[in-house]
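Structure first, then comments.
Derivation of every value follows stated rules applied to the coordinates shown; laboratory data play no part. All values derive from a computational prediction rather than experimental measurement. Glycine also receives a Cβ, built like all others from the backbone with ideal geometry; neighbour counts cover every protein chain displayed.
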């Protein structure tokens with residue numbers, strides 16, 4: 001069976017291929033008939049799948065984290081592609097079959113060692129406060145911390161949710177932070193900003209765990225969240241540094257605990273310093289653009305399908321600007337994996353579009369799972385999305 005990538009799946013297509021089961025749940029429909037809901041993925045993205053028939057036959061034959069072979073056909077429901085699965089079978093992999101497994105696990109575009117080396121260089125070139133340097137060294141010379149930084153996703157599902165995503169996110173934010181610290185120099189303590197960027201997601205090491213190829217929340221993550229966990233980890237390292245200034249500690253910890261921006265998004269305090277505001281906006285910006293790039297992919301299609309998480313259609317401005325008046329694009333076709341991939345986004349021309357984004361939002365079936373507005377705890381709330389909502393934090 002030839003592998004069909006999620007990024008290549010289109011409407012009304014027969015899809016007989018293999019995928020990683022990232023999520024599995026059973027439910028009962030309005031008619032009382034049971035069904036299985038799946039979140040299927042490979043290195044290029046994710047797609048929903050439903051087993052409507054023979055549920056008892058298939059329910060116990062595989063679990064989340066397994067590789068499965070499915071027979072299915074695509075359809076569009078509420079502006080999203082999905083698979084209607086008629087047959088599903090677990091695929092057994094050898095322990096040493098890393099090459100095949102890599103087809104299903106998305107990773108950062110750059111190598112972890114290369115990114116980590118650049119991160120260290122950025123810090124060496126820009127940090128000057130002796131205590132901040134010592135604190136950074138405490139983390140970057142911790143072998144377990146570095147190992148997890150290189151391999152962990154930045155979030156469960158929303159942004160940079162792939163191997164090496166946390167390091168990619170942190171490095172990208174640091175480079176933006178260096179520029180903005182210079183731009184707003186008279187108002188910013190540069191070392192505090194860069195240290196808070198480096199460590200803002202330190203709690204993710206405890207909040208998230210990878211089990212059987214699937215990222216999940218740990219008990220600590222669900223009960224405490226990465227903001228509380230991260231502040232604790234930083235404070236413990238600070239306690240190991242004799243003479244660490246109390247004011248420096250307060251500025252740094254304030255940035256960490258306020259970086260989600262608003263109380264309703266999990267921060268116990270809102271930003272009150274220039275460094276805290278910048279950390280919040282840099283984090284939001286890097287996460288949003290990764291989310292956008294991940295969804296529109298790198299192909300020639302100008303308009304994406306409807307993005308529920310961003311609550312709008314998205315325009316690939318590179319393809320749009322390169323196209324002629326007929327809509328044909330001169331942009332080279334690139335594999336979505338080269339641009340971060342996407343969850344089955346394609347060209348939606350010819351499909352009915354809601355009269356407005358508000359109408360489209362009204363068609364959504366409940367809120368988006370794992371919005372993360374309270375750092376891993378379960379919530380029910382606003383299903384919409386504003387520019388600076390906490391939805392991207394996961």
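Here the relative contact order of region 6-101, from alpha carbon pairs under 8 Å that lie six or more residues apart, stands at 30 percent.
Of the residues 184, 265, the one with the fewest other Cβ atoms within 10 Å heads the list, and the complete ranking is 184, 265. Note on residue 142 and residue 321: the model spin-label points, each 7 Å out from Cα along the C-beta direction, lie 4.1 nm apart.
A Cα-only calculation for region 1-109 places Rg and Dmax at 13.8, 45 Å. Given a Förster radius of 30 Å and the C-beta distance between residue 272 and residue 105 as r, what FRET efficiency does 1/(1 + (r/R0)^6) yield to the nearest 0.05? The formula returns an efficiency of 0.15 here. When each of 171, 40, 248 is scored by the number of other beta-carbon atoms lying within 10 Å, the sequence from fewest to most is 248, 171, 40.
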